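Notes for the one structure printed next.
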Amino acid sequence: MDETVAEYIRRTVLKIPRDEIKTMLQKWGFLSEEQLQAINFQQIKESISQEVVRLCEENCADIKQAAVLDIIYNHIHQNKKVWTVYQMNKTGEEMEFFDLTDFKKKFKRHLRSALKNVTINFREYEDNAIWIRIAWGTPYTKPNQYKACYAVYHSQTPYVFVSTSTLKSNLPLLCQALVVASNYRDIRKMELRGHSLKSLKDIVFKRHSQNFQTYCPRPLQERNVAPEGDARIIQEDRIEKERIERVNWEIFGDGPQPKLEFAQYKLETMFKSDPKLDVLDKREPFRCLVKFSSPDLLESLKSLAPAGMADAPLSPLLTCIPHKARNYFKIREKKELFPEGFVSP
């Protein structure tokens, strides 16, 4: 077994949490059950990794097997990466039969025609998800396995989720290979990015919580509003709480929100004054960047009005995130009714 392959397997095992090593090696399937039983999983991780490498040497592992182990690890710990969503477009609306073998063949052929030193591996998962691992090299250097990038493509859909570790110089090659292999016309980057791959899929596949046509407020007693004190104050408080609850429900629905960590807004506006005053010598726009961040941004926004920390409804620029499938916005002054990125109420 090549020394670089052995070292890569050792480092991959060291990344795996101790209580997951045995399960992940079983999913890998490269080591026999007898070999797995021979490993002492109670020892330090360094010793475990060396034992795994020794057994892999017995089985003559190569970079293909090592790459599969890396895919399994990244699939389980997919939230460690930042994912960017891309959308492909067809000339027509016709649906074509998807052939995975043909997709792999076209993808490899197109990528390797542009760059010889590249390692490509595939693995299928549920929901027709195809995980593609690409380790890039240069015309003069071997692929760097430690900086591999990932693309997750769902067959029969136009969406691809690409890890942001992809070098900018290699991104056009990856996009071209995806378009050719999947028989689409072109591809564009959506303004949607985050750590939770599942949440990004829920947003673009419209699987997030949706509101319905009817609204049935819960009885006052179920909302734990104390029936004591001035009846007029209680009535006013109850009506306001019901209004906030109704408005919140209409915007967010009644289910959990997709998990996003941030939303970013770039504002560009012009200073307006009487031309006769000539206040500004240069007609340059003012620019600023506003970024909202939270471990779970949409759930945080959902809780603002009920907690009394914001008026209901919230700004459409905040509440449109899952419906517009974007968390990057550019707001500019335009002649149109609304600026770019603005969503009318």
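Residue pairs whose Cβ atoms lie under 6 Å apart, separated by 6 or more positions or on different chains, with the first residue in region 258-281 and under 29 Å from LYS302 (Cβ atoms) and part of a loop (DSSP other than H, G, I, E, B) and the second among the charged types (D, E, K, R) and at pLDDT 80 or above, are PRO258/ASP202; LYS259/ASP296. Right, ASN89: at pLDDT below 95 and either polar (S, T, N, Q) or not assigned by TED's automatic domain parsing to the domain that holds PRO17 (or both) or not? When the stated conditions are applied, ASN89 passes them.
With the requirement that a residue be touching a strand residue (DSSP E or B) at 6+ places or on another chain (Cβ under 6 Å) and over 14 Å from PHE107 (Cβ atoms), what does region 160-169 give you?
Just the residues of region 160-169 that are touching a strand residue (DSSP E or B) at 6+ places or on another chain (Cβ under 6 Å), to begin with: 160-166.
Correct list: PHE161, SER163, THR164, SER165, THR166.
Can we say ASP19 is loosely packed, with under 12 Cβ neighbours inside 10 Å, under 27 Å from the mean Cα position of the chain (by Cα) and within 29 Å of SER199 (Cα to Cα)? Yes.
Counted as qualifying within region 1-73 are the helices (runs of 4 or more DSSP H) with 1 or more residues that are in contact (Cβ under 8 Å) with a residue 60 or more places away in the chain, polar (S, T, N, Q) and not assigned by TED's automatic domain parsing to the domain that holds CYS149, namely 3-15. Taken over region 22-64, the criterion of being β-branched (Val, Ile, Thr) and surrounded by fewer than 17 Cβ atoms within 10 Å (Cβ to Cβ) is satisfied by THR23, ILE44.
Tell me yes or no: at least one residue of region 326-336 is modelled with pLDDT under 85, within 27 Å of LEU200 (Cα to Cα) and surrounded by fewer than 17 Cβ atoms within 10 Å (Cβ to Cβ).
Keep residues of region 326-336 that are modelled with pLDDT under 85, which gives 332-336.
Next cut, within 27 Å of LEU200 (Cα to Cα) only: 332.
From what is left, the residues that are surrounded by fewer than 17 Cβ atoms within 10 Å (Cβ to Cβ) are 332.
Checked against the condition, which is being modelled with pLDDT under 85, within 27 Å of LEU200 (Cα to Cα) and surrounded by fewer than 17 Cβ atoms within 10 Å (Cβ to Cβ), region 326-336 yields at least one hit.
Candidates ILE130, ILE187: the one that is modelled with pLDDT of 95 or more and over 21 Å from ASN79 (Cα atoms) is ILE187. Within region 78-123, if we keep just the residues that are surrounded by 12 or more Cβ atoms within 10 Å (Cβ to Cβ) and aromatic (Phe, Trp, Tyr), the residue that is farthest from VAL179 (Cα to Cα) turns out to be TRP83.
The values are calculated or read from the model by the stated rules, or taken from the named source; none is laboratory data. Worth saying up front: this structure is predicted, and the values here are computed from it rather than measured. Quick reminder, even Gly has a Cβ in these numbers, built from the backbone with ideal geometry, and neighbours come from all protein chains shown.
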